[in-house]
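The values are calculated or read from the model by the stated rules, or taken from the named source; none is laboratory data. Treat the numbers as computed from the prediction; the structure is a model and nothing was measured. With ideal geometry, Cβ positions are generated from the backbone for all residues, glycine too; neighbour counts draw on all protein chains shown.
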Amino acid sequence: MILKKDIENRDDVKLLVETFYEKIRAHQVLGPIFNSIIKDWDAHLVLLTDFWETQLFLKRKYHGNPVTAHQEVDTKSNGTITSEHFGLWLNTWFATIDQLFDGETAWIAKNRAQKMSTMLFMHMFEHRKKNTE
């Protein structure tokens, strides 16, 4: 049995983000969505590493707006993003964390992702309603 360590620093976050998005890019359902919207994966991975480092270690590296970003993705996808897409994303996130890490910060990464996915989907849904009224 391989003992896994917890997520402890930016290098761990980078490993998590890069491993996870490698899976997402190859995912049968999610890959086409992400690959059609993200044009500069290297820059996007740095941005997401900053985001998760901010989330997990409270370092102010990320200075974006995930709500607006996801609303724009939904608009570019013609409002076709569903809660199922978020579920697939979460399942892959959880599996990647379980593959690489174990510990309190790994649990926090799962918990934050689950809460964020609900919040982001709700904001996307509300944004759709406003655009059709």
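Worth pointing out:
- Residue satisfying all of: in segment 10-62; of a type in the set (V, I, T) and in contact with a Lys or Arg (Cβ under 7 Å, 6 or more places away or on another chain); surrounded by the fewest Cβ atoms within 10 Å (Cβ to Cβ) among these: I37
- Hey, D50 within 15 Å of the chain's Cα centre (by Cα), within 23 Å of E126 (Cα to Cα) and among the acidic types (D, E) or not: no
- Cβ-Cβ distances below 7 Å connect the following pairs, each with a first residue in segment 108-131 that is aliphatic (A, V, I, L, M), a second residue that is modelled with pLDDT under 95 and buried (at least 16 other Cβ atoms within 10 Å of the Cβ), and a separation of six or more residues or different chains: L120/V67; L120/H70; M124/H70; M124/Q71; M124/D74; M124/I81.
- Residue ID - surrounded by the most Cβ atoms within 10 Å (Cβ to Cβ), chosen from residues in segment 100-133 that are at pLDDT below 95 and within 22 Å of E18 (Cβ to Cβ): L120
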